[in-house]
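As structure tokens, the structure follows; a few thoughts come after it.
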Amino acid sequence: MTQPIFSTQAKSGATEFRFETRNVDLSANTIRIPKNSTLITATAITLTTTGTLPTGLALATTYYVIKVSETSIKLATSANNANAGTAIDITGQGAGVHTINS
């Protein structure tokens, strides 16, 4: 199995996690993140990309983390949905390198 490529950068109280399209698991609706990340369930995040975001996600939108494991998250449309475990259905991997901004 190919290891995921990540980079993490802290900036003025915020954190960025970059991930490639191969880190998106369509069958589980998950995104692989670096181990020991600071993301917890209901953390508000936004996404940017060098290409196209995974299908089901949009730019200029606030999403909320559902922490599945130390290295895997799902995204929800609200903090309430995140706490309930109601995730967005991701149907395509997109293209490019994507950044999670928290």
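The values are calculated or read from the model by the stated rules, or taken from the named source; none is laboratory data. Quick caveat: nothing in here was measured; it's all calculated off a predicted structure. Cβ atoms come from the backbone with ideal geometry, glycine included; neighbour counts cover every protein chain shown.
Worth pointing out:
- Considered as a group, the residues in segment 53-72 that are part of a loop (DSSP other than H, G, I, E, B) and either aliphatic (A, V, I, L, M) or in contact with a His (Cβ under 6 Å, 6 or more places away or on another chain) (or both) include one that is farthest from Asn29 (Cα to Cα), and that residue is Ala60.
- The set of residues in segment 47-96 being in contact (Cβ under 8 Å) with a residue 60 or more places away in the chain and surrounded by fewer than 16 Cβ atoms within 10 Å (Cβ to Cβ) consists of Asp89, Thr91, Gly92, Ala95, Gly96.
- Within segment 14-46, tally of residues that are hydrophobic (A, V, I, L, M, F, W, C), part of a strand (DSSP E or B) and without any contact (Cβ under 8 Å) to a residue 60 or more places away in the chain: 2
- Considering (1) closer than 24 Å to Ala95 by Cβ; (2) among the charged types (D, E, K, R); (3) modelled with pLDDT of 95 or more, the lone condition that Lys67 does not fulfil carries the number (1).
- Thr86 vs. criteria in a loop (DSSP other than H, G, I, E, B) and either among the β-branched types (Val, Ile, Thr) or under 18 Å from Glu16 (Cβ atoms) (or both): yes
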